[in-house]
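The next block holds one structure in the form of structure tokens; read it before the comments.
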Amino acid sequence: DAKTTQPPSMDCAEGRAANLPCNHSTISGNEYVYWYRQIHSQGPQYIIHGLKNNETNEMASLIITEDRKSSTLILPHATLRDTAVYYCIVRSLYNAGNMLTFGGGTRLMVKP
Amino acid sequence: NAGVTQTPKFQVLKTGQSMTLQCAQDMNHNSMYWYRQDPGMGLRLIYYSASEGTTDKGEVPNGYNVSRLNKREFSLRLESAAPSQTSVYFCASSEWVRAGGPKETQYFGPGTRLLVL
């Protein structure tokens with residue numbers, strides 16, 4: 001699976017949009033972009049995923065650039081409960097074990 | 001619907017002791033996984049089971065064994081614990097969904113915190 005690069009930390013004011021970037025310049029055609037988050041001491045939680053089109057669900061929006069070399073996760077109205085480590089993962093859905101390869105992630109701190 | 005449950009929540013072992021971490025899911029998923037997370041690091045896959053009756057090694061299998069007891073349960077055994085196995089262990093399960101485009105989402109348990117002295 002392709003490698004991802006994320007900033008180690010970001011701050012966001014409560015109620016504002018949080019925009020978390022991810023670079024995945026070596027992504028291949030059959031690889032999806034997945035986002036998970038891990039709130040302190042808990043198991044990771046799925047947020048959203050996409051292949052090439054922008055996606056939106058009840059938690060977030062995912063914007064993928066046309067060349068698919070980068071993406072942005074958007075939390076439209078961040079709350080204190082969104083403070084967590086956010087992982088951008090690029091993966092083929094057909095690789096052995098369907099493992100998730102977690103990098104360092106971005107530690108998002110939402111401040112009042 | 002409890003999702004993925006893990007027992008115990010915490011455990012302290014002495015070097016050389018053995019123990020089994022238990023995991024169960026009630027979502028009727030075919031695939032189950034064991035990950036470990038060391039402080040400040042991302043998760044690394046230890047073993048996985050694509051379906052009942054099958055198990056395969058992940059990225060860091062040494063020192064561990066697994067058993068897929070049935071569709072619901074997937075256990076992780078440390079035969080002779082070492083301090084390097086001090087970590088938080090997460091179990092996960094997943095199922096493929098084909099409708100509307102392929103989707104495979106992993107659901108994680110709350111974790112087992114293991115300290116090996």
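The values are calculated or read from the model by the stated rules, or taken from the named source; none is laboratory data. Since the structure is predicted, the reported quantities are computational estimates derived from the model, not experimental observations. Note: ideal-geometry Cβ built from the backbone for every residue, glycine included; neighbour counts use all protein chains shown.
Here are some notes:
- Only one of B:P8, B:P83 that is closer than 19 Å to A:Q42 by Cβ, more than 11 Å from chain A (Cβ to nearest Cβ), over 11 Å from the mean Cα position of the chain (by Cα) and at pLDDT 95 or above: B:P8
- Note on the stretch B:9-36: residues that are within 13 Å of B:G109 (Cα to Cα), of a type outside the set (S, T, Y) and part of a strand (DSSP E or B) total 8.
- Test: residue in the stretch A:74-89 that is free of Cβ contacts under 8 Å to residues at least 24 places away in the same chain and out of contact with any Phe, Trp or Tyr (no Cβ under 6 Å at 6 or more places or on another chain): no
- Checklist (1) away from chain A (no Cβ under 11 Å); (2) under 18 Å from A:Y87 (Cα atoms); (3) without any contact (Cβ under 8 Å) to a residue 40 or more places away in the chain applied to B:A2, failing item: (2)
- Test for B:E59: is it within 9 Å of chain A (Cβ to nearest Cβ), part of a loop (DSSP other than H, G, I, E, B) and among the acidic types (D, E): yes
- Residue in the stretch A:82-93 that is modelled with pLDDT of 95 or more and more than 14 Å from every other protein chain (Cβ to nearest Cβ) present: yes
- Hits in the stretch A:94-111 - residues which are among the aliphatic types (A, V, I, L, M) and within 14 Å of chain B (Cβ to nearest Cβ): A:A96, A:M99, A:L100
- Taking the stretch A:1-50 as the region of interest, the strands (runs of 3 or more DSSP E) fully inside it that hold 3 or more residues being surrounded by fewer than 14 Cβ atoms within 10 Å (Cβ to Cβ) are A:9-13.
- Applying a threshold of 7 Å to beta carbon distances and a minimum spacing of six or more residues, or different chains, the list of pairs starting in the stretch B:33-53 at a residue that is crowded, with 17+ Cβ neighbours inside 10 Å and ending at one that is of a type in the set (G, A, S) and assigned to a loop (DSSP other than H, G, I, E, B) reads B:G42/A:G103; B:G42/A:G104; B:G42/A:G105; B:L45/B:G58; B:I46/B:G58; B:Y47/B:G58; B:Y48/B:G58.
- Number of residues in the stretch A:51-67 that are within 17 Å of A:T26 (Cα to Cα) and surrounded by fewer than 19 Cβ atoms within 10 Å (Cβ to Cβ) equals 5.
- Residue that is farthest from A:S41 (Cα to Cα), among those in the stretch B:23-32 that are more than 11 Å from chain A (Cβ to nearest Cβ) and surrounded by fewer than 17 Cβ atoms within 10 Å (Cβ to Cβ): B:N28
- Unmet criterion (only one of (1) in a strand (DSSP E or B); (2) crowded, with 19+ Cβ neighbours inside 10 Å; (3) away from chain A (no Cβ under 11 Å); (4) touching a residue at least 40 places away in the same chain (Cβ under 8 Å)) for B:V66: (4)
- Residue check for B:T15: more than 13 Å from every other protein chain (Cβ to nearest Cβ) and either touching a Leu at 6+ places or on another chain (Cβ under 7 Å) or crowded, with 16+ Cβ neighbours inside 10 Å (or both): yes
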